Amino acid sequence: DTGVSQDPRHKITKRGQNVTFRCDPISEHNRLYWYRQTLGQGPEFLTYFQNEAQLEKSRLLSDRFSAERPKGSFSTLEIQRTEQGDSAMYLCASSLASPGDYEQYFGPGTRLTVT
Amino acid sequence: GDSVTQMEGPVTLSEEAFLTINCTYTATGYPSLFWYVQYPGEGLQLLLKATKADDKGSNKGFEATYRKETTSFHLEKGSVQVSDSAVYFCALSLTNRDDKIIFGKGTRLHILP
């Protein structure tokens, strides 16, 4: 399977705990995106990377959120001191971002439940 | 700012009925337009896209035409099947900028046998 993978698929945590999610993009895709989808809503952009550089962060991404892509391959999204409002599906997508091919391919998501 | 508005669901139709899901957009630049589908228990999949005015995207019997004059990208299918039951998202992206996708809220579609 050469698609985008995310780990874990489900995470239940208690309020105040830290959590970290991982995304493995399609190999050789240079752009990687994180989105958040709450129940009954469409996905909302959080941040994206061009190779290892984080180029944009949404104002939705509070100081408790941090994302990295250290070697320009996989990425991690960490949420510190989780709150119940962080409960959502966290989606990762990757793209080749070359002229004529900007399609983003989405992973299955990590569903976070904060109790 | 850039945004997408699509008709609220749920939409319930009988098998073989004609489907239209309305979508309009607001964009500061010249966006590419998409329809994504999310089947129960599965991830987001690109259904179809159009990158310039008057382009028609099509896939699996679904069609949508990029209408710049009405800023619309309505999804249509002539004869729906039970297997089309899913959540459909209209979306836009400003290609050649940051490419982030801006999604509508989604429309849940139920097809009755």
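Structure notes:
- Among residues of the range A:1-59, those that are part of a strand (DSSP E or B), closer than 23 Å to A:R81 by Cβ and out of contact with any Lys or Arg (no Cβ under 8 Å at 6 or more places or on another chain), counted: 10
- The strands (runs of 3 or more DSSP E) located wholly in the range B:1-90 that include 2 or more residues which are of a type in the set (V, I, T), within 13 Å of the chain's Cα centre (by Cα) and farther than 29 Å from A:Q6 by Cα occupy B:19-21.
- Taken over the range A:15-50, the criterion of being within 14 Å of A:P108 (Cβ to Cβ) and in contact with a Pro (Cβ under 7 Å, 6 or more places away or on another chain) is satisfied by A:Y35, A:Q37.
- Being out of contact with any strand residue (DSSP E or B) (no Cβ under 9 Å at 6 or more places or on another chain) and not small (G, A, S) is a description that does not apply to B:Y66.
- Filtered residues of the range A:15-34 (kept if crowded, with 18+ Cβ neighbours inside 10 Å and without any contact (Cβ under 8 Å) to a residue 60 or more places away in the chain): A:W34
- Test for A:Q41: is it of a type in the set (S, T, N, Q), free of Cβ contacts under 8 Å to residues at least 24 places away in the same chain and at the interface with chain B (Cβ under 10 Å from one of its Cβ atoms): yes
- Extreme residue, farthest from the other protein chains (Cβ to nearest Cβ), among residues of the range B:59-113 that are surrounded by 14 or more Cβ atoms within 10 Å (Cβ to Cβ) and among the polar types (S, T, N, Q): B:T65
- Index of the failed condition, B:G41 passing every other in (1) at positive phi; (2) at pLDDT 95 or above; (3) within 13 Å of another protein chain (Cβ to nearest Cβ): (2)
- The range B:31-46, residues that are among the aliphatic types (A, V, I, L, M) and buried (at least 20 other Cβ atoms within 10 Å of the Cβ): B:L33, B:V37, B:L44
- Some residue of the range A:63-76 being in a loop (DSSP other than H, G, I, E, B), closer than 25 Å to B:V37 by Cβ and either away from chain B (no Cβ under 12 Å) or in contact (Cβ under 8 Å) with a residue 60 or more places away in the chain (or both): no
The values are calculated or read from the model by the stated rules, or taken from the named source; none is laboratory data. Bear in mind that the values here come from a model prediction, so they are computed numbers and not experimental data. No Cβ is skipped: glycine too gets one built from the backbone with ideal geometry, and neighbour counts run over all protein chains shown.
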